[in-house]
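Asker: Below you'll find the structure I mean.
The values are calculated or read from the model by the stated rules, or taken from the named source; none is laboratory data. Keep in mind that what you see is a predicted model, and the values were worked out from it rather than measured. Neighbour counts run over all protein chains shown; Cβ positions are idealised from the backbone, glycine included. Heavy atoms of the whole protein, side chains included, go into the accessibility calculation; ligands, DNA and RNA do not. Shrake-Rupley method; radii C 1.70, N 1.55, O 1.52, S 1.80 Å.
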Amino acid sequence: RRPGEPQLPRVRAELAERLGRTDEALAGWRAAVELAPTWRNLYGLASLEAETGRIADARRHFEQLLQISPGNLWGLERLAELELFYGDLERAERLYLEYIAKAPSQRTFFTNLGIARSLLGNHEGAIEAYEQALLIEPNHIYATLNLADSRLALGQTQEAMALYRKVLRLLERNRPPGGPSLDDSMVQAQCLAYLGKTREAVEIARRSLAQRPDDPDMLHSAAVVHALAGDLHSARAAVRKAIENGMQPRFFDLAVFAGLRDDPELRDLLARSDR
């Protein structure tokens, strides 16, 4: 081969990916891995596979990456994220702990460790992780919101309400001149709903969701707000659409959705999506 030729499939894959040509990009990354199974090529292939819903293939290639590059932080991060959202939550917890041991100053990984533990029902462990995240970044809005949710799950209502109020203060303090982002507006709506200001919360949630009606994260937040407001019909519709658009059922295993669990249609949808 001519000098530099082994890099051509990767270059072509990266270009196709930037142009949105997914099938061409996947073929390019596969060719790159076959020609030179380096961790960088495996990372490119596995990342695109994960983004396009090829979860089993992505997991296999991230694992192959870690076999040839043990302790690779990029590979650990993406494999942990894959398990958190689609796979084995206990493995996700172990991977985040391994990552934290190598990079203890990264707030993101304490936050994700907390999410994994929350989904496993270990709210005490989740609180510990979120508090570690907030030691690194004291006013991080999402870590504070997650901490509030975990405290509420343990019945620590007074502490949780204080944290929801803190999130609202942080949002107001950091409010950009053009107004809050849609994500921040949904956080505001959730906090207001937990604090009993459901009419205002529902209005904000509906207005925000109208601008990104197919976004699974926005739909999840809207479902929380509607459930807290007692509007189970709207909550049910948001849950259904979020799952149809790719969100995993594990993210609806929260006390706030208890009123929806008797719905046979929704229960069947959750069961089929979780397989």
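Asker: When Rg is the radius of gyration of the Cα atoms in the chain and Rh is its Kirkwood radius, what does Rg/Rh come to?
Answerer: Result for the chain is an Rg/Rh of 1.01.
Asker: Could you pull the accessible area for residue 86 with a 1.4 Å probe, rounded to 10 Å²?
Answerer: For residue 86, solvent-accessible area is about 100 Å².
Asker: Can you give the charge dipole size of region 1-82 about its Cα centre, rounded to the nearest 20 debye, using +1 on the beta carbon of Lys and Arg and -1 on the beta carbon of Asp and Glu?
Answerer: Dipole size: approximately 260 debye.
Asker: Follow-up. What value in Å³ per residue do you get for the convex hull of the alpha-carbon atoms in region 91-195?
Answerer: Dividing the Cα hull volume of region 91-195 by its residues yields 99 Å³.
Asker: Under a point-charge model restricted to the Cβ atoms of Lys and Arg (+1) and Asp and Glu (-1), what is the dipole moment magnitude of region 187-243 relative to its Cα centre, in debye to the nearest 20?
Answerer: Its charge dipole is roughly 120 debye.
Asker: Helix 141-153 sits at what angle to the longest principal axis of the chain, using alpha carbons and giving 0 to 90 degrees rounded to 10?
Answerer: Result, in degrees: 60.
Asker: Between 36, 80, 92, find the one with the highest GNM mean-square fluctuation for the chain; connect C-alpha pairs within less than 10 Å.
Answerer: Among 36, 80, 92, the largest GNM mean-square fluctuation belongs to 36.
Asker: Averaging sequence separations of C-alpha pairs under 8 Å and six or more residues apart, then dividing by the length of the chain, give the relative contact order as a whole percent.
Answerer: It comes to 8 percent, rounded to a whole number.
Asker: May I have the convex hull volume per residue, in Å³, for the Cα set of region 166-275?
Answerer: 96
Asker: If each of residue 14 and residue 212 carries a label point 7 Å out from its Cα toward its Cβ, how far apart are those two points in nm?
Answerer: 2.8
Asker: Considering only protein heavy atoms, what is the solvent-accessible area of residue 197 at a probe of 1.4 Å, reported in Å² to the nearest 10?
Answerer: 110
Asker: Show me, for region 58-66, the HN-Hα J-couplings you get by feeding each phi into the Karplus relation (A = 6.51, B = -1.76, C = 1.60, θ = phi - 60°), rounded to Hz, glycine and proline as x.
Answerer: Values, residue by residue: 4, 4, 4, 6, 5, 5, 5, 4, 6 Hz.
Asker: Under the Karplus relation 6.51 cos²θ - 1.76 cosθ + 1.60, θ = phi - 60°, what is the ordered set of whole-Hz ³J(HN,Hα) values for region 23-32, x standing for Gly and Pro?
Answerer: Rounded to whole hertz, the list is 4, 5, 5, 4, 4, x, 5, 5, 5, 4.
Asker: With all distinct Cα pairs included, what does the Kirkwood hydrodynamic radius of region 147-201 come out to in Å, to one decimal, could you say?
Answerer: For region 147-201, inverting the mean 1/r across all distinct Cα pairs yields 11.5 Å.
Asker: Tell me the angle of helix 232-244 to the major Cα principal axis of the chain, expressed in degrees between 0 and 90 and rounded to the nearest ten.
Answerer: Helix 232-244 and the main axis of the chain meet at about 0 degrees.
Asker: Any chance you could list P(r) for region 1-75, counting all Cα-Cα pairs in 5 angstrom bins from zero, rounded to whole %?
Answerer: Over region 1-75, the share of Cα pairs per 5 Å bin runs 3, 19, 27, 24, 17, 7, 2, 0 percent.
Asker: Another one. Got the relative contact order for region 120-275 handy, in percent, Cα pairs under 8 Å and 6 or more residues apart?
Answerer: Across region 120-275, relative contact order equals 14 percent.
Asker: Each residue of region 185-195 in order: what ³J(HN,Hα) in whole Hz does its phi give by Karplus 6.51 cos²θ - 1.76 cosθ + 1.60, θ = phi - 60°, with x for Gly and Pro?
Answerer: Result, rounded to whole Hz: 5, 5, 4, 4, 4, 4, 4, 4, 5, 5, 7.
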